[in-house]
1. Quick check on Tyr540: is it surrounded by fewer than 19 Cβ atoms within 10 Å (Cβ to Cβ), at pLDDT below 90, under 26 Å from Gln132 (Cβ atoms) and among the hydroxyl-bearing types (Ser, Thr, Tyr)?
2. Restricting segment 191-248 to residues that are assigned to a loop (DSSP other than H, G, I, E, B) and among the small types (Gly, Ala, Ser), which is surrounded by the most Cβ atoms within 10 Å (Cβ to Cβ)?
3. Please pick out the residue among Glu147, Glu82 that is more than 28 Å from Gly335 (Cβ to Cβ) and in the same structural domain as Leu181 (by TED's automatic domain parsing).
4. Looking at segment 43-55, can you tell me whether even one residue there is modelled with pLDDT of 85 or more, within 32 Å of the chain's Cα centre (by Cα) and part of a helix (DSSP H, G or I)?
5. Which numbered condition in (1) assigned to a helix (DSSP H, G or I); (2) in contact with a strand residue (DSSP E or B) (Cβ under 6 Å, 6 or more places away or on another chain) is the only one that Ile150 fails?
6. For segment 266-292, what are the residues that are in contact with a helix residue (DSSP H, G or I) (Cβ under 8 Å, 6 or more places away or on another chain) and in contact (Cβ under 8 Å) with a residue 60 or more places away in the chain?
7. Restricting attention to segment 46-67, does a residue exist that is without any contact (Cβ under 8 Å) to a residue 40 or more places away in the chain, closer than 30 Å to Ser212 by Cβ and among the acidic types (Asp, Glu)?
8. What number of residues in segment 109-161 are closer than 20 Å to Phe85 by Cβ and of a type in the set (Phe, Trp, Tyr)?
Amino acid sequence: MREHSLLPAPMLRQARQQWLEQGVGLSSAIDARVTRSWQRSLAAGLSPMGRLSCTDNLSGVALQRARTQNHDLVNQSQPIMEYLFEQVRHSHSMVILSDQNGVLMHTLGDLDFLSKADRVALKCGASWHESQRGTNAIGTALAETDEVEIHGAEHYLDRNGFLTCAASPIVSATGALMGILDISGEHRSRHPHTLGLVSTAARMIENNLVLSSCQHQTVLRLHARAEGIGSVAQGVLALSSDGWLVGANRRALDMLGLRRQDIGASQVHHVFDCAMDALMAAAHKAAGRPLALHTVQGQALFATVQTAPHLSVRAQTSRPTPTPAPDALAQLDTGDVRWGAAAAKARRVADKDIAVLLLGESGVGKELFAKALHDSSERKTGPFVAINCAALPEHLIESELFGYAPGAFTGARKQGSVGRLREAQGGTLFLDEIGDMPLAMQTRLLRVLQERQVTPLGCGETVAVDFALVCATHQNLREAADAGRFRSDLYYRINGLSLQLPALRERSDFAALTGQLLQQWSEHIALYIEPELLQALGRYRWPGNLRQYSNVLRTAVAMLDAHETCISWLHMPDDLVDELQTLSQDLPDCPEPPPQNLHQLSQKAIEHALENARGNVSAAARQLGISRQTMYRKLQGG
């Protein structure tokens with residue numbers, strides 16, 4: 001654990017001010033991680049005294065979705081957080097869990113500190129990523145992937161200077177960053193052992209995560225002393241049935257001199273001086289007692305071996321199939337639950353000859369989704385043929401789709417045409433806006449899909465075709481079929497699996513999606529959007545959806561000068577600026593519903609009293625004419 005030397009707050013503030021205003025270099029006496037974080041905070045467009053954007057804050061359904069996505073992390077962390085809170089209770093502090101994006105998932109805190117924490121949005125759903133809150137233990141631990149302590153004036157934003165925070169990363173069995181565990185409190189209550197305490201608790205969570213995720217693997221618990229097995233300091237190693245290292249906690253990697261890249265790339269005999277079958281035989285003989293093992297470097301360790309259920313001792317044979325790299329659908333996934341659910345369903349049918357029907361407003365990215373589905377399937381080496389049925393002239397649709405023989409009609413090419421359907425041979429055919437296909441063509445398409453054969457115009461011979469089919473429309477095809485505008489038999493043929501893609505205004509990943517689009521238009525420079533503008537863009541309804549937003553960002557990037565990295569209002573189209581500013585002016589205040597009963601009325605009075613007393617529980621109690629003990633009981637719901 002690194003030693004953290006603290007400079008007096010006035011010196012820190014003076015050094016930061018001189019750095020920001022005069023370009024004076026930062027003192028080497030300032031922790032290097034703090035220096036790097038200040039630089040990142042400045043690059044994100046934050047000002048120590050500036051206003052904050054709350055674009056990334058989650059509440060209600062969005063927060064519940066995030067908790068569901070982080071189910072394992074939250075469930076394994078909560079018992080340890082409760083234990084940790086007991087150790088710091090009455091120290092004017094709180095215990096906090098964030099996800100891998102810095103969004104707070106769960107908190108426990110002293111009542112006399114919670115109201116102060118709430119004023120700086122230290123609450124569930126708030127984002128404490130550095131780009132949102134500047135230098136802080138949670139965001140900086142994420143950026144550095146290391147345990148870190150941020151005290152008082154080391155916080156980039158002055159409004160957070162009353163805090164002292166210590167945070168440690170939580171990683172999975174495969175080394176992926178899952179979240180951050182943090183203790184935050186008033187800077188006057190700083191204790192030198194807080195970082196060690198939170199780091200130990202984070203290791204306990206990691207151990208539980210490794211053990212829970214490796215229930216079907218052989219698990220080794222390691223320590224240099226037999227008595228250390230089962231303690232928080234133990235190493236945990238997971239092995240596949242044929243001896244490959246498939247999971248480990250950080251302590252095990254440190255003990256064995258391994259890197260995270262070695263997970264999935266090393267066998268047991270690369271680590272210990274025995275093979276898998278010998279290890280399993282020794283474990284069976286030991287009957288649960290610690291084994292004496294030696295690493296290939298000769299280090300002595302003790303281990304207990306927990307054999308996975310239904311696995312027999314087998315000699316190592318071949319390397320297991322490595323974890324596949326993220327497919328094309330995963331590369332498009334920026335965190336929206338509905339989009340991710342659609343992608344997960346699509347993967348299940350990608351190679352099973354089931355037609356997929358994509359539904360959604362124009363511009364939501366149906367063709368992007370279809371292309372990603374093709375690239376994630378076994379047909380990815382074949383062609384991807386996209387046809388916009390609404391853009392083809394009606395008199396050319398038949399020849400474009402089905403092809404024609406040489407000289408089949410006036411104006412036909414001498415060599416004829418194979419047609420777009422045959423071009424998709426061995427790959428994927430994407431029919432966009434299929435609801436606009438004329439009824440006569442629907443009949444011919446249905447025959448092709450049923451018989452898997454195409455008859456070109458002017459030709460009596462049929463040609464076999466083989467392609468995956470993905471269709472898309474913004475229309476309600478069921479209603480169109482009921483009204484006779486679309487063949488019902490074709491509708492049921494193309495609707496093997498229908499997937500509704502969300503409109504841009506409905507997506508919960510707007511900020512992450514924005515970052516991905518900016519990276520697409522500017523690969524070599526890290527760009528960001530002015531927080532107030534990003535918040536306004538997030539409120540806009542985007543009638544053209546992703547297509548419209550992508551064009552706006554592409555134009556904004558083109559408008560930047562060579563030295564600029566921040567997109568502001570100046571880079572936006574004039575008509576969009578007018579709409580965004582009008583939207584901001586028209587936003588109504590959302591008054592809270594009036595209290596419906598005596599309990600709600602009492603809670604509202606307490607909230608107002610705490611606000612007027614700036615979080616001082618004693619002063620608020622005196623204002624209400626109740627005792628401090630009664631105040632605490634009511635805050636706890638009594």
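The values are calculated or read from the model by the stated rules, or taken from the named source; none is laboratory data. Computed from a predicted structure; not experimentally measured. Cβ: placed from backbone, ideal geometry, glycine included. Neighbour counts: every protein chain shown.
1. No; evaluated as a whole, the condition is false for this residue.
2. Of all residues in segment 191-248, those assigned to a loop (DSSP other than H, G, I, E, B) come to 191-193, 214-217, 224-225, 229-234, 240-243.
Subsequent filtering for residues that are among the small types (Gly, Ala, Ser) retains 224, 230-231, 233, 240-241, 243.
Working: Ala224: 13, Gly230: 12, Ser231: 12, Ala233: 15, Ser240: 22, Ser241: 21, Gly243: 26.
Here the answer is Gly243.
3. Criteria check complete, one pass: Glu82.
4. Looking through segment 43-55, at least one residue is modelled with pLDDT of 85 or more, within 32 Å of the chain's Cα centre (by Cα) and part of a helix (DSSP H, G or I).
5. (1)
6. Pro290
7. Within segment 46-67, not a single residue is without any contact (Cβ under 8 Å) to a residue 40 or more places away in the chain, closer than 30 Å to Ser212 by Cβ and among the acidic types (Asp, Glu).
8. So the answer is 2.
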